[in-house]
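Q: Below is the structure I would like to discuss, written out as structure tokens.
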Amino acid sequence: MSESSNQKQNPMRRNILLGSAAAAGGLAAALIPGALQAAQPGASRDAPRSRGQHAASYIATKDGTQLYYKDWGAGRPVVFCHGWPLSSDSWESQMMLVASHGYRAVAHDRRGHGRSSQPWNGNDMDTYADDLATVFDTLGLRDAILVGFSTGGGEVARYLGRHGTKRVSKVVLVSAVPPLMLKTPANPGGLPIDVFDGLRAAQLANRSQFYKDVPAGPFYGFNRPGAKPSQGLIDSWWMQGMQGGHKNTYDSIKAFSETDFTDDLKKIDVPTLIVHGDDDQIVPIDAAGRASAKLIRNSKLIVYPGAPHGLTDTHKEKFNADLLAFIQS
């Protein structure tokens, strides 16, 4: 082909390439929050801020940790706390639901998880609870329905134990870790420490593979006979987990397994809905949901027969209906 022929075709080729590049840039911006802002001169998304200050979708805690959060809709707030090692993305179906029904849906990525900062220290339940208090204070949340899944249920319990229920009117605990996961003389129904040592060893050996094995196996019950695994759920779980910090998610295993929430649960004095599957292989129901129901005044336990740990996805329609009914009651 001649040089003049190349020159005649190049303008069209350049337009195609430029259009493709623009589309790719738009996709990157959608998939990576803050990507374009961070690339622009003078962007201040990660600039240090004092406690309680927030810009864009980040809130600064007392130690300078930046917490990413979502704030959808308007109305009475429904605040969601996610499980390990996930992020606020795990609540997207429920946030969409409540925001579409006239509520304000709020969720943050716990420190060291998702898009939040990855501090070396503070990966414990007391700090998680105080971070949640900062979210409440900064966003002015009151009369809130507070919802916690798995580790997030521990975060909710410890928040209420440390900060009370003055800003919270209802509580929902889903597949939640309280009162105590670890087997002790006082908690014979718990899981032995070897289970959690195994989790830590698997994370250190090959975190990426570990974060594929958990959702592909017990988390969603995909290891049960006749189960139909969803590759989409498995991939989403892996992606959320790998966004988190290695040290943060490692430390969190101790936080969710060894923290005793018994006294926190006894302090809850607002209506509480407890939802748990009776085939939860991650947080067995007897030492968790059923035990919590005995400790929390004015609580209601709903057991999902055959449901796994990740019932917010595997039993989404039923759970969403139960959640909305409780919120609206």
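The values are calculated or read from the model by the stated rules, or taken from the named source; none is laboratory data. Note that this is a predicted model, so its numbers are computed, not measured. Glycine gets a Cβ as well: all are built from the backbone with ideal geometry, and neighbour counts include every protein chain shown.
Residue by residue, here is whether (1) at pLDDT below 95; (2) under 14 Å from Thr249 (Cα atoms); (3) within 19 Å of the chain's Cα centre (by Cα) holds:
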position: Leu182; (1), (2), (3): no, no, no
position: Ile193; (1), (2), (3): no, no, no
position: Ser208; (1), (2), (3): no, yes, yes
position: Lys212; (1), (2), (3): no, no, yes
position: Pro218; (1), (2), (3): no, no, yes
position: Phe222; (1), (2), (3): no, no, no
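Q: Now a separate question. Among (1) assigned to a loop (DSSP other than H, G, I, E, B); (2) within 27 Å of His246 (Cβ to Cβ); (3) among the charged types (D, E, K, R), there is one condition Arg200 misses while meeting the rest; what is its number?
A: Going through (1) assigned to a loop (DSSP other than H, G, I, E, B); (2) within 27 Å of His246 (Cβ to Cβ); (3) among the charged types (D, E, K, R) one by one, Arg200 breaks only (1).
Q: Another question, if that's okay. Quick check on my filter: what residues within the range 266-280 are buried (at least 23 other Cβ atoms within 10 Å of the Cβ) and part of a helix (DSSP H, G or I)?
A: Of everything in the range 266-280, nothing turns out to be buried (at least 23 other Cβ atoms within 10 Å of the Cβ) and part of a helix (DSSP H, G or I).
Each row is one residue, and each column tells you yes or no for (1) part of a strand (DSSP E or B); (2) crowded, with 18+ Cβ neighbours inside 10 Å; (3) in the same structural domain as Met242 (by TED's automatic domain parsing).
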position	(1), (2), (3)
Gly152	no, yes, yes
Glu155	no, yes, yes
Ser169	yes, no, yes
Leu173	yes, yes, yes
Val177	no, yes, yes
Val195	no, no, yes
Lys212	no, no, yes
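Q: How many residues are surrounded by 19 or more Cβ atoms within 10 Å (Cβ to Cβ) and touching a Gly at 6+ places or on another chain (Cβ under 8 Å) if we restrict to the range 66-88?
A: 9
Q: Can you pull out the residues in the range 157-166 that are crowded, with 19+ Cβ neighbours inside 10 Å and not aliphatic (A, V, I, L, M)? So that I can check it myself, show each step before the final result.
A: Taking the range 157-166 first, the residues crowded, with 19+ Cβ neighbours inside 10 Å are 157-161.
Those that are crowded, with 19+ Cβ neighbours inside 10 Å and not aliphatic (A, V, I, L, M): Arg158, Tyr159, Gly161.
Q: Which of the following residues is more than 23 Å from Asp280 (Cβ to Cβ) and in contact with a Ser or Thr (Cβ under 7 Å, 6 or more places away or on another chain): Asp143, Asp130, Asp137? Can you show your working first?
A: Values: Asp130 fails: in contact with a Ser or Thr (Cβ under 7 Å, 6 or more places away or on another chain); Asp137 fails: in contact with a Ser or Thr (Cβ under 7 Å, 6 or more places away or on another chain).
Exactly one of Asp143, Asp130, Asp137 is more than 23 Å from Asp280 (Cβ to Cβ) and in contact with a Ser or Thr (Cβ under 7 Å, 6 or more places away or on another chain), namely Asp143.
Q: Something else about it: Hey, does the range 246-256 have a residue that's β-branched (Val, Ile, Thr), surrounded by 15 or more Cβ atoms within 10 Å (Cβ to Cβ), in a helix (DSSP H, G or I) and in contact with a helix residue (DSSP H, G or I) (Cβ under 8 Å, 6 or more places away or on another chain)? Working first, answer last.
A: In the first step, residues of the range 246-256 are kept if they are β-branched (Val, Ile, Thr); the result is 249, 253.
Next cut, surrounded by 15 or more Cβ atoms within 10 Å (Cβ to Cβ) only: 249, 253.
Now narrow it down to the ones that are in a helix (DSSP H, G or I): 249, 253.
Among the residues that remain, those that are also in contact with a helix residue (DSSP H, G or I) (Cβ under 8 Å, 6 or more places away or on another chain) are: 249, 253.
Yes - at least one qualifying residue is present in the range 246-256.
Q: Please verify whether Phe222 is in the same structural domain as Lys183 (by TED's automatic domain parsing), farther than 24 Å from Thr65 by Cβ and in a helix (DSSP H, G or I), treating the condition exactly as stated. First the steps, then the outcome.
A: On the way: in the same structural domain as Lys183 (by TED's automatic domain parsing): yes; farther than 24 Å from Thr65 by Cβ: yes; in a helix (DSSP H, G or I): no.
No: the conditions fail for Phe222.
Q: I'm told Ser236 meets every condition in (1) touching a residue at least 24 places away in the same chain (Cβ under 8 Å); (2) surrounded by 15 or more Cβ atoms within 10 Å (Cβ to Cβ); (3) part of a loop (DSSP other than H, G, I, E, B) except one. Can you identify the failing condition by its number?
A: Going through (1) touching a residue at least 24 places away in the same chain (Cβ under 8 Å); (2) surrounded by 15 or more Cβ atoms within 10 Å (Cβ to Cβ); (3) part of a loop (DSSP other than H, G, I, E, B) one by one, Ser236 breaks only (3).
Q: Kindly list, by first and then second residue, each pair from a residue in the range 286-311 that is within 14 Å of Ile268 (Cα to Cα) to a residue that is loosely packed, with under 15 Cβ neighbours inside 10 Å, limited to pairs with Cβ atoms under 7 Å and residues at least 6 apart or on different chains.
A: Matching pairs, first to second residue: Leu295/Lys266; Arg297/Asp269.
Q: Six or more apart or on different chains, Cβ atoms under 7 Å: show the pairs whose first residue is in the range 178-201 and in contact (Cβ under 8 Å) with a residue 24 or more places away in the chain and whose second is among the hydroxyl-bearing types (Ser, Thr, Tyr) and in a helix (DSSP H, G or I).
A: From residues that are in contact (Cβ under 8 Å) with a residue 24 or more places away in the chain, the pairs are Pro178/Ser292; Pro179/Thr262; Pro179/Ser292; Leu180/Thr262; Met181/Ser257; Leu182/Ser257; Phe196/Ser257; Arg200/Tyr250.
Q: Six or more apart or on different chains, Cβ under 6 Å: which pairs go from a residue in the range 136-149 that's closer than 17 Å to Ser175 by Cα to one that's in a helix (DSSP H, G or I) and of a type outside the set (A, V, I, L, M, F, W, C)? Could you list them?
A: Qualifying pairs under 6 Å: Gly148/Glu155.
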